[in-house]
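**Student:** First the structure, which I've put down as structure tokens, then a few questions once you've had a look.
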Amino acid sequence: MPGNSIVQYRRAPEAAQPGSLEKGIDILFSLSAAAQPISLSQLCRNTGLPKSTAHRILAVLCARALAKRAGTDYLAGDLLARLGDSRGRIPGTRRAVLPYLLYLYETTRQTVNLAVLSGLEAEYVERVYGHNRVASPSDGVDRAPLHCTAIGKTLLAYDSALRHTLADQGSPPRLTRRTITSLTGLDRELARVRHYGVAYSQEEFADGVACVAAPVFDSSGKVVMSVSVAGPAAALPLARLGISVRGAAQAIAASLARLR
């Protein structure tokens, strides 16, 4: 070896340690796979991350709408949900459901909604507005609570794990004088939904607004979405509309089954 040469010694490569990006991706995968809000401790068990690290990354993800808090737990954020839009998982879903939504609108001339579960809320993915629509807190945000909306009750009624998660949050918040805020009262209401296959909300979410909804089941019997008709509480014939909405939900379920 020449005397004036410089010998550079290099360490043998070590196993690569995951960086913040990889850790964040692991957390997002865990949140996306969870059917219900998940605790920090469970996230750490799923990902193998220390609590301090997971908590720091979750703060960033929440700030970017990729994750969000549900009490002391976490769930996938609104932006992540939109990026993985459930309507795109089955090709032709919109084409399969829209004719029935339009039929409901033509026969009722009221606002027609289609919603899916998003964390502890109902997310409206299709809306056909009526001419005499009444203002609702869901306008502009396309999201609504589960406990006080007809469409939310149908998503809640058939999911026992979701009901337990909601109960863990404490008594449901009161939004109007008609809102059911007792967990026992809500359980009775959801039992009626399961018995009749249809849910009602009479000024429980907003004064002056009534709604009737029915669940859309997949081939395994799981509720995948809900369809509803909403309108002025003083003029909406809820009992008669219940038959039409339930029929539309069953037709949508049959149409979706043909896509698979």
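The values are calculated or read from the model by the stated rules, or taken from the named source; none is laboratory data. Being a predicted model, the structure only gives us computed values, none of them experimental. Methodologically, a virtual Cβ is constructed for each residue, glycine included, from the backbone with ideal geometry; neighbour enumeration extends over all protein chains shown. Just the protein is used for accessible areas: all its heavy atoms, side chains included, with ligands, DNA and RNA removed. Shrake-Rupley method; radii C 1.70, N 1.55, O 1.52, S 1.80 Å.
**Student:** From the list 163, 94, 178, exactly one residue is of a type in the set (D, E, K, R), part of a loop (DSSP other than H, G, I, E, B), open to solvent by 20 Å² or more (accessible area, probe 1.4 Å) and without any contact (Cβ under 8 Å) to a residue 40 or more places away in the chain. Which is it?
**Tutor:** Only one candidate qualifies: 178.
**Student:** Based on this model, can you work out whether residue 171 counts as more than 23 Å from residue 255 (Cβ to Cβ), touching a strand residue (DSSP E or B) at 6+ places or on another chain (Cβ under 7 Å), modelled with pLDDT under 95 and part of a loop (DSSP other than H, G, I, E, B)?
**Tutor:** For residue 171, the condition - more than 23 Å from residue 255 (Cβ to Cβ), touching a strand residue (DSSP E or B) at 6+ places or on another chain (Cβ under 7 Å), modelled with pLDDT under 95 and part of a loop (DSSP other than H, G, I, E, B) - is not met.
**Student:** Just give me the residues in region 207-260 being open to solvent by less than 10 Å² (accessible area, probe 1.4 Å) and among the β-branched types (Val, Ile, Thr), in sequence order.
**Tutor:** 212, 216, 227, 229, 245, 252
**Student:** Starting from region 36-61, take each residue that is closer than 22 Å to residue 161 by Cβ and list its partners that are in a loop (DSSP other than H, G, I, E, B) and hydroxyl-bearing (Ser, Thr, Tyr), counting only C-beta distances under 8 angstrom and pairs at least six apart or across chains.
**Tutor:** So the pair list comes out as 39/72; 40/72.
**Student:** Separate question: What residue, among those in region 20-79 that are charged (D, E, K, R) and touching a Ser or Thr at 6+ places or on another chain (Cβ under 6 Å), is most open to solvent (accessible area, probe 1.4 Å)?
**Tutor:** If we take residues in region 20-79 being charged (D, E, K, R) and touching a Ser or Thr at 6+ places or on another chain (Cβ under 6 Å), then 26 is most open to solvent (accessible area, probe 1.4 Å).
**Student:** Restrict the check to region 193-216 and report whether at least one residue is part of a helix (DSSP H, G or I), free of Cβ contacts under 8 Å to residues at least 60 places away in the same chain and charged (D, E, K, R).
**Tutor:** Among the residues of region 193-216, at least one is part of a helix (DSSP H, G or I), free of Cβ contacts under 8 Å to residues at least 60 places away in the same chain and charged (D, E, K, R), which makes the answer yes.
**Student:** Within region 139-160, is even one residue of a type in the set (Lys, Arg), part of a loop (DSSP other than H, G, I, E, B), open to solvent by 30 Å² or more (accessible area, probe 1.4 Å) and touching a strand residue (DSSP E or B) at 6+ places or on another chain (Cβ under 8 Å)?
**Tutor:** no
**Student:** Could I ask something else about it? Select, from 30, 52, 41, the only residue that is more than 29 Å from residue 228 (Cβ to Cβ), assigned to a helix (DSSP H, G or I) and modelled with pLDDT under 85.
**Tutor:** Among 30, 52, 41, only 30 is more than 29 Å from residue 228 (Cβ to Cβ), assigned to a helix (DSSP H, G or I) and modelled with pLDDT under 85.
**Student:** Considering only region 217-258, state which residues are assigned to a loop (DSSP other than H, G, I, E, B) and among the small types (Gly, Ala, Ser).
**Tutor:** 219, 220, 221, 233, 234, 235
**Student:** So, one more: Restricting to region 125-139, name every residue that is in contact with a Lys or Arg (Cβ under 6 Å, 6 or more places away or on another chain) and either of a type in the set (Ser, Thr, Tyr) or modelled with pLDDT under 80 (or both).
**Tutor:** Once the filter is applied, which keeps residues that are in contact with a Lys or Arg (Cβ under 6 Å, 6 or more places away or on another chain) and either of a type in the set (Ser, Thr, Tyr) or modelled with pLDDT under 80 (or both), region 125-139 yields only 130.
**Student:** Being modelled with pLDDT under 90, open to solvent by less than 20 Å² (accessible area, probe 1.4 Å) and outside any helix (DSSP H, G or I) is the filter here; which residues of region 97-124 pass it?
**Tutor:** 118 - this is the single residue of region 97-124 that is modelled with pLDDT under 90, open to solvent by less than 20 Å² (accessible area, probe 1.4 Å) and outside any helix (DSSP H, G or I).
**Student:** Still on this structure, please answer the following. How about region 106-124: which of its residues are touching a residue at least 40 places away in the same chain (Cβ under 8 Å) and within 14 Å of residue 230 (Cβ to Cβ)?
**Tutor:** 108, 110, 111, 112, 113, 114, 115, 122
**Student:** If a residue has to be among the β-branched types (Val, Ile, Thr) and farther than 28 Å from residue 163 by Cα to count, how many in region 91-130 make the cut?
**Tutor:** 3
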